[in-house]
Amino acid sequence: MVALINVSNRLPVTIANTIKPSSGGLVSALEGYRKTHDFMWVGWSGGPVDSPRRQRELAEELKSRFGYHPLFISQQDIEAYYTGFSNSSLWPLLHYLPSYSRFDHNWFEAYKKVNFVFAENIAELAEKDALVWVHDYHLMLLPRLLHELRPDLRIGYFLHTPFPSYEIFRCHPNRQELLEGLLGADLIGFHTSGYLRHFRSTVLRLLGRESRINTIAGKGHDVTIGVYPISIPTDKFLQKMTSAAYSRHLEEYRRAYAGKKVVIGVERLDYTKGVPRRLEAIEAFLKRTGRKDVVFIFINVPSRESVPAYQALRREIEHKVSRINGNFASIGNIPVHFIHQSVNFSRLCALYTLADVAMVTPLVDGMNLVAKEYLICKPDGDGVLILSEFAGAAQELPQASIVNPYDTAQMARALENALNRTPEERQKRLAPMRRRILRYNAQRWAGDFIADLAGVDKSVEKGAGARTIDPQYFPPLAAEGRWAFFLDYDGTLSDLRKNPPDAYPSRRLHDLFDRMAHVPNLTVFLLSGRMREDMDQWFDGYGFHLIAEHGYYYRPPTSETWAPVIPGIDLEWKERVLDILLQYSDTTPGSFVEQKAASLVWHYVNAEPEFGGWKAQQLVVELQEMLSNLPVRIHHGRKIVEVHSIFINKGVVCSQLKPSLLFDHALYAGDDETDETMFDHAGEGDLSIKVGPGDTAARYCVSSPQAMQQLLARFLVYHPVRRTE
Ligand code: GDG
């Protein structure tokens, strides 16, 4: 039985004198799971509770009655974290409205602080290996914070809003931290494949991390990504429609609106929901048709009233409603009924059933549940849904009358058509949408997400086939005999950098080299793809064997000069290849060619990532065709395409140099394909170690260059440094 901790900004309760549970979609979606599994819900209590005694009482009651764990957050933090950062900076950007977005450095500090409070509480509460499901944009940093505190947990994150395009998300001053925060999760879910695509593209452009359609590979921590279109608790609606209260309200509304056509709109009063444009469309419709038999009911639940943009929106809507009513009302007929308050659930269901048309026309909306609720409350199939193409729901409901919410003339025409449709036409279009919702309801949505989260493979901290080696633990054979280390540099001992000269050895690494240099019975080879000059500059003075350009040049410890490992190899192909690579760098802004003795490299790390990747694939195909009879190998590596002589690789160097050396054990360490040729040399008493994720012939792997450094430092414990001076 796997325990689940569900985490959202707020607990689904209202706390006044008593505690009143609220029954949102998420509560119903998780009801099934709660019946059979250990379950807890962590979230903000929803209001200021200052007295520690009252906090204790509430916490106890929430735990015993509902299994909820409240977090008490000060009013000041709520203003900065919730009203400020979440709702005034993130919400508008996630909805493509940067002009509504406000930023304040202090808000981010509070956001970090509150996310951390969530992380600490969950880390404390969660059983080993528990599932944690984090919801929405208020908690984007939480997955990473929690992963760091409790790497055993399976952390899922679901974003209820859209994920916008990179061009929009990049406007946020904390864009990188937010993305890094999310990538601490094991599974990230979105409503639509479009949002997932934007997310991948943003992660690639802002963090340089490549992904596949369902995974983002990371340093020892892969993230699964997926599409889970949220739905509604259909049972709850169907049940309500059998209640006496529902029938009473429906009867009441039918009498009140007898002889009228009813058009409904239901939403939180939010600028993303497109209410002003909808009112403009209604105005255009009334002007064109002059119809007096249509009533528009707008239920606009108050929302985020402390945010100035919401106050301004309310004024704008009220102004537009009164203008329409002033111009088009007659005795006994007021066209727009603007209700700026919530209605109870049975009334809501009755209104949905009553309405001939639902206008759901947000400017942008993650999913929009109202569209689905309207359909489920139409058991006779007699209704028309006008739906914005910018709501996530439009992907699932193509039989709706799909409109562009910015095109008021189109919306007015859609309204006219909707009211003129025949009953057969209405039913024909509504039935398949309703069937879809009945099949894929909220329980299915939650069940699918949780099942995928439970199935996440936590053993991905690997090179496939290789066993993770704990950097604190160097196998006992380390203590024995004479050793030779064959070490790659970039990506193995030092992090890969966008700009290669920035990957110079750190102070810490120099210290490690210094200690290694003074270990008796240890011979060190540094093998790199770098040029001789870099190696001279960075690694001189340690008495290491240096190998540059993937094995072309060798400099023994006793000499200051370099010589080819294998003299006289065929390099005639270079001129032709150089020509092609230069053509590619001309036509791919940001890319460049590096010329080495036995290889040529086209770098596209600074090119636009997708364009660069596409050009690289083209280049590889072209080179393969052109060079098929030449003694070269083409290597498509990390942001590079390299053409090098088949006579040269790190493995060849090992074969050439090893016989002249005396050692009992060897350690081979590398991070990419060019290092795999070395791993083949590892015999019984040797160690081969791959740094970072990916397939490998190495026997062991570690997650990062830092872990590799730790491992080497550990070796020195068995082989004390002896200084002669
Ligand atoms: C976010 C995303 C995504 C509204 N008025 C009343 C009332 N409601 C209920 C509706 C519906 C809910 O509120 C609104 O849900 P939406 O999905 O339409 O929109 P958001 O609140 O913006 O929700 C959205 C959603 O998260 C889920 O992932 O779909 O895109 O923005 O359930 O029925 N309920 C009652 N009285 C009202 O007056 N009882």
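How big is the antiparallel share of DSSP beta bridges in the chain, given as a percent to the nearest 5? If you can, show how the numbers build up before the last one.
Details: 27 of 98 bridges.
Taking every DSSP beta bridge with both residues in the chain, the antiparallel ones total about 30 percent.
Quick check: pseudo-label points 7 Å beyond the Cα along Cα→Cβ at Q75 and E305, how many nm apart are they?
Here the modelled spin labels are 1.6 nm apart.
Can you give me the Rg/Rh ratio for the stretch 235-430, using Cα atoms for both radii and the Kirkwood formula for Rh? Present the calculation step by step, with values, prior to reporting the outcome.
On the way: Rg = 15.8 Å, Rh = 16.9 Å.
Looking at the stretch 235-430, the ratio lands at 0.94.
For the stretch 533-607 and the stretch 123-176, what is the separation of their C-alpha centers, rounded to whole Å?
42
Which FRET efficiency, nearest 0.05, do D380 and K287 yield, Cβ-Cβ r, R0 30 Å?
Values: r = 32 Å, r/R0 = 1.07.
Plugging the Cβ-Cβ distance into 1/(1 + (r/R0)^6) gives 0.40.
For a 30 Å ceiling on Cα separation, which of these pairs sit above it: K458/K615; K261/K428; K112/K240; K574/K615; K236/K261?
Values: K458/K615 34 Å; K261/K428 20 Å; K112/K240 41 Å; K574/K615 20 Å; K236/K261 27 Å.
From the list (K458/K615; K261/K428; K112/K240; K574/K615; K236/K261), the Cα-Cα distance tops 30 Å for K458/K615; K112/K240.
At 0.36 nm per residue, and after removing the present C-alpha to C-alpha distance, how many nm does the segment from N325 to S342 gain when stretched out fully?
Details: separation 17, 0.36 × 17 = 6.12 nm, distance 2.18 nm.
Length gained between N325 and S342: 3.9 nm.
Output the relative contact order of the chain, whole-number percent, from Cα pairs under 8 angstrom with separation of 6+ residues.
10
Over the stretch 574-645, what is the relative contact order in percent, taking alpha-carbon pairs closer than 8 angstrom and at least six residues apart?
Values: 99 pairs, mean separation 21.1, N = 72.
Value for the stretch 574-645: 29 percent.
Report the paramagnetic label zone for L582: residues of the stretch 597-616 whose backbone N is under 15 Å from a point 7 Å from Cα along the Cα-to-Cβ axis.
Backbone N within reach: 600-602.
Efficiency by 1/(1 + (r/R0)^6): what FRET value for N333 and F103, r their Cβ-Cβ distance, R0 = 35 Å, to the nearest 0.05? Show your work: numbers first, answer last.
Numbers: r = 47 Å, r/R0 = 1.34.
It comes to 0.15.
Take V717 and E177, extend 7 Å from each Cα along the Cα→Cβ direction, and tell me the distance between the two endpoints in nm.
3.6
Excluding ligands and nucleic acids, what accessible area in Å² is computed for Y195 using a 1.4 Å probe, to the nearest 10?
Its accessible surface works out to 30 Å², give or take rounding.
With everything on Cα atoms, drop me the angle between helix 105-125 and the longest principal axis of the chain, reported from 0 to 90° to the nearest 10.
Value to nearest ten degrees: 80.
Tell me, in nm to one decimal, what length is gained between S655 and K240 on full extension, where the rule is 0.36 nm per residue of separation less the Cα-Cα distance? Can you show the working numbers first?
Numbers: separation 415, 0.36 × 415 = 149.40 nm, distance 7.78 nm.
Extra length available between S655 and K240 comes to 141.6 nm.
May I ask you to work out the translational diffusion coefficient for the stretch 208-322 at 37 °C, viscosity 0.692 mPa s, via Stokes-Einstein with Rh from the Kirkwood sum over Cα pairs, reported in whole µm²/s?
On the way: Rh = 18.8 Å.
The estimated diffusion coefficient comes to 174 µm²/s.
Measuring from centroid to centroid over Cα atoms, what is the spacing of the stretch 308-376 and the stretch 392-437 in Å?
Taking the Cα centre of the stretch 392-437 as reference, the centre of the stretch 308-376 is 17 Å away.
Grab the beta carbon distance between K458 and E560, set R0 = 51 Å, and tell me the FRET efficiency rounded to 0.05. Walk me through the numbers on the way to the answer.
Details: r = 50 Å, r/R0 = 0.98.
Computed FRET efficiency for K458 and E560 comes out at 0.55.
Over the alpha-carbon set of the chain, work out the extent along each principal axis and list the three values in angstrom, largest first.
105, 64, 42
Aspartates and glutamates near K596 by alpha-carbon distance under 13 Å, same-chain residues fewer than 8 away left out - which ones?
Answer for K596, where 13 Å is the Cα cut-off: E533, D534, E549, E575, E642, listed by chain and number.
In whole percent, and with a 1.4 Å probe on the protein chains, what portion of the accessible area of the stretch 3-227 is carbon and sulfur? Intermediate values should be presented prior to the final figure.
On the way: 4560 of 9170 Å².
Its accessible area is 50 percent carbon and sulfur atoms.
Could you check the simple spin-label distance between D50 and S64, using points 7 Å along Cα→Cβ, in nm with one decimal?
Reported label-point gap for D50 and S64 is 2.8 nm.
Under 22 Å Cα to Cα from K658, which lysines show up? Leave out anything in the same chain fewer than 8 places away.
Within the straight-line limit of under 22 Å, K658 reaches these lysines: K650, K690.
Starting from the amide H of H337, placed 1.01 Å from N in the peptide plane, find each other amide H under 5 Å away whose residue is 5 or more places distant or on another chain.
F296, I297, F298
If the label point is 7 Å along Cα→Cβ of D664, which residues in the stretch 699-720 have backbone nitrogen under 13 Å from it?
719
Charges on Cβ only, +1 for Lys and Arg, -1 for Asp and Glu, centred on the Cα centroid of the chain; of G332, V223, I19, which one is farthest towards the dipole's positive end?
Farthest along the dipole direction, towards plus: G332.
With all protein chains present and a 1.4 Å probe, how do E61, E120, E575, E676 order by accessible area, largest first?
Ranked from most to least accessible, the order is E575, E120, E61, E676.
Roll a 1.4 Å probe over the protein chains and send me the accessible area per residue for the chain in Å². Before the final figure, lay out each step's value.
On the way: 31220 Å² over 725 residues.
Spelled out: the 1.4 Å probe surface of the chain, per residue, equals 43 Å².
Using Cα positions and a limit of under 21 Å, work out the lysines in reach of K63, with same-chain residues fewer than 8 apart set aside.
Here the lysines satisfying the reach criterion relative to K63 are K20, K35, K128.
Considering amide H positions built from the backbone, and no H for Pro or chain starts, which residues 5 or more places from D490, or on another chain, come under 5 Å of its amide H?
So D490 has HN proximity to G529.
Please list E373, E148, E572 from largest to smallest accessible area, probe radius 1.4 Å, with all protein chains kept in place.
Numbers: E373 30, E148 120, E572 160 Å².
These residues rank, largest area first, as E572, E148, E373.
Rounded, prolate or oblate, given the Cα gyration tensor of the stretch 13-135, with a/c below 1.5 counting as rounded? Please report the intermediate quantities before stating the final value.
Values: a/c = 1.76, a/b = 1.46, b/c = 1.21.
Prolate, since a/c reaches 1.5 and a/b exceeds b/c.
On each of the three principal axes of the Cα atoms of the stretch 3-227, give max minus min coordinate, whole Å, ordered largest first.
Ordered largest first, the stretch 3-227 gives principal extents of 49, 38, 30 Å.
222 nm [θ] for the chain, helices only, -39500 (n - 2.57) per DSSP H run of 4+, per residue, to 500?
Values: 25 runs with 288 residues, N = 725.
The per-residue figure over the chain is -12000 deg cm²/dmol.
In µm²/s, what is D for the stretch 63-181 at 25 °C and 0.890 mPa s, where D = kT/(6 pi eta Rh) by Stokes-Einstein and Rh is the Kirkwood radius from Cα pairs? Let's see the in-between values first.
Details: Rh = 15.0 Å.
My calculation gives 163 µm²/s for D.
Semi-axes of the stretch 647-725's equivalent ellipsoid from the Cα gyration tensor, sqrt of 5 times each eigenvalue, largest first, rounded to whole Å?
Values: eigenvalues 97, 72, 24 Å².
Value: 22, 19, 11 Å, ordered largest first.
Mind pulling the angle between the C-alpha long axis of helix 193-207 and the longest principal axis of the chain? Nearest 10 degrees, somewhere in 0 to 90.
40
The values are calculated or read from the model by the stated rules, or taken from the named source; none is laboratory data. Keep in mind it's a predicted model, so treat the numbers as computed, not measured. Here the Cβ is made from the backbone with ideal geometry for all residues, glycine too, and neighbour counts use every protein chain on show. The accessibility values were calculated without ligands, DNA or RNA, using every heavy atom of the protein model including side chains. Shrake-Rupley method; radii C 1.70, N 1.55, O 1.52, S 1.80 Å.
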